[in-house]
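First comes the structure, then the notes that go with it.
The values are calculated or read from the model by the stated rules, or taken from the named source; none is laboratory data. Small disclaimer: the values here were computed from a predicted structure and weren't measured. Counting neighbours? That spans all protein chains shown, and the Cβs are built from the backbone with ideal geometry, glycine included. Note: areas computed on protein heavy atoms with side chains; ligands, DNA, RNA excluded. Shrake-Rupley method; radii C 1.70, N 1.55, O 1.52, S 1.80 Å.
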Amino acid sequence: MKEKSPAFQDEEDQEASSPESKEAAPRDELAELRRQNEELVTKLKYLQAEFENYRKRADRDAETVVKFAHELLISSLLPVLDEMDAAVAALDGKAREGVRMVRDNLARALHDAGLQEIPAQGRVFDPYEMDCIEQVPEPEGKDGTVKEVVRKGYRLHDRVLRPAQVIVIRNRGETNG
């Protein structure tokens, strides 16, 4: 047999190991591409979820803006409603009936826009909906109950627009005005 030179033997070794390295390289490359693909899919899923949350938040914010868009106008009409109530109480006869009808129409329009009167008379004092302007003793009344409403309070949907000003019964301790 003929002996091969060491240079030829190295070439044969490389050729013999080459098919394995050629197969290993695509496998490694394929595994790397799969890993990158999984990373990109995961990032895409996170971005989709993040965008969906953003869209929901933007929709909620837009609903809130629309819901309370008339807040300033309604707030400025509350003194008019108070004055109409005072006029109804002060007038008699046909004049009273006419002013009451106008007041009722105004109140209905405001109610349709989301305005609600805060019921206070006879209820337990709630500092989130009422302002106590005076505390008075009354032996027959329960402590902390609203005796009288001085000025009506209103809420627009679920937000207090103007707290009711009330006089509260206080039988224990000092009474303050």
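Applying the criteria of a DSSP loop state and at most 11 other Cβ atoms within 10 Å to the GluC sites (Glu not before Pro) of segment 53-143 yields 140.
Along segment 45-60 the Karplus relation, 6.51 cos²θ - 1.76 cosθ + 1.60 evaluated at θ = phi - 60°, assigns HN-Hα couplings of 4, 4, 5, 5, 5, 5, 5, 4, 5, 4, 4, 4, 5, 5, 5, 4 Hz to successive residues, with x for each Gly and Pro. In plain terms, the chain from residue 87 to residue 57 could stretch by 6.3 nm, reckoned as 0.36 nm per residue minus the Cα-Cα distance.
Between residue 33 and residue 107, the modelled label-to-label distance comes to 7.7 nm, taking each label 7 Å out from Cα in the direction of the beta carbon.
The spread of Cα positions in segment 127-166, taken along each principal axis and listed from longest to shortest, comes to 36, 15, 11 Å. Across segment 66-77, rounded Karplus estimates of 3J(HN,Hα) from the backbone phi angles (6.51 cos²θ - 1.76 cosθ + 1.60, θ = phi - 60°) give 5, 4, 10, 4, 9, 4, 5, 5, 5, 4, 6, 8 Hz, Gly and Pro being marked x. The residues 94, 45, 67, sorted by heavy-atom accessible surface at 1.4 Å with ligands and nucleic acids left out, run 94, 45, 67 from largest to smallest. A simple rule links phi to the HN-Hα coupling: the Karplus curve 6.51 cos²θ - 1.76 cosθ + 1.60 with θ = phi - 60°, which for segment 96-111 gives 4, 4, x, 5, 4, 5, 5, 4, 5, 5, 5, 4, 5, 5, 5, 5 Hz, with x for Gly and Pro.
Each of 172, 108, 96, 103 has its accessible area taken with a 1.4 Å probe; listed largest first, they run 172, 108, 96, 103. Averaging over all projection directions, the Cα-based convex hull of segment 26-67 occupies 2.4 nm² in the image plane.
Residue 143 contributes an accessible area of around 50 Å² to the protein surface, as traced by a 1.4 Å probe with all chains present.
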